[in-house]
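A quick write-up on the structure given underneath.
The values are calculated or read from the model by the stated rules, or taken from the named source; none is laboratory data. Note that the structure is a prediction, hence the values are computed from the model and not measured. Every residue, glycine among them, receives a Cβ derived from its backbone with ideal geometry; neighbour counts consider all protein chains shown.
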Amino acid sequence: MRHVLTAVAAVVVAVCLSLGALASEDEKGKKALKMEGTMPLSSIVRQLEESGYKKIAEIEFERGLYEIKGRKADDSWFEIYVDAHTGAIVK
């Protein structure tokens, strides 16, 4: 009986681990779909640097926009929002 319980416990653990891995893969897939059709971040950063946004400190992506914070060439702080599909500064 003890061996049966050990085997059942092992199966339960294996199933739980498999479900966790599937959930993780599902989240990766959702993120990839959100990013589809967006400009490469390297292109956006290069465009900003050419426009005087020299020291980028933080970039976040949410709802099709990059929120970008940092310092301009004159050392003043900036916070801008860039459309991830067009590269246009929207705010």
Checklist entry - Out of all the residues in the range 42-67, which are without any contact (Cβ under 8 Å) to a residue 24 or more places away in the chain and of a type in the set (A, V, I, L, M)? => result Val45, Ile56, Ala57, Ile59
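Quick check on the range 38-80: of everything there that is polar (S, T, N, Q) and under 15 Å from the mean Cα position of the chain (by Cα), which residue is nearest to Lys91 (Cα to Cα)?
From the range 38-80, those polar (S, T, N, Q) are 38, 42-43, 47, 51, 76; that's our starting set.
Going one step further and asking which of them are under 15 Å from the mean Cα position of the chain (by Cα), we end up with 38, 42.
Values: Thr38: 18, Ser42: 20 Å.
Step by step, filter the range 38-80, then rank; the result is Thr38.
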Checklist entry - Taking only pairs six or more apart or across chains, which ones have beta-carbon atoms under 8 Å, a first residue in the range 73-85 that is within 11 Å of Gly52 (Cβ to Cβ), and a second residue that is among the basic types (Lys, Arg) and not in a loop (DSSP other than H, G, I, E, B)? => result Phe78/Lys69; Phe78/Arg71
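Has the range 59-71 got any residue that is in a helix (DSSP H, G or I), of a type in the set (A, V, I, L, M, F, W, C), modelled with pLDDT of 50 or more and out of contact with any His (no Cβ under 7 Å at 6 or more places or on another chain)?
The first filter runs over the range 59-71 and keeps only residues in a helix (DSSP H, G or I), leaving none.
Checking the range 59-71: not a single residue is in a helix (DSSP H, G or I), of a type in the set (A, V, I, L, M, F, W, C), modelled with pLDDT of 50 or more and out of contact with any His (no Cβ under 7 Å at 6 or more places or on another chain).
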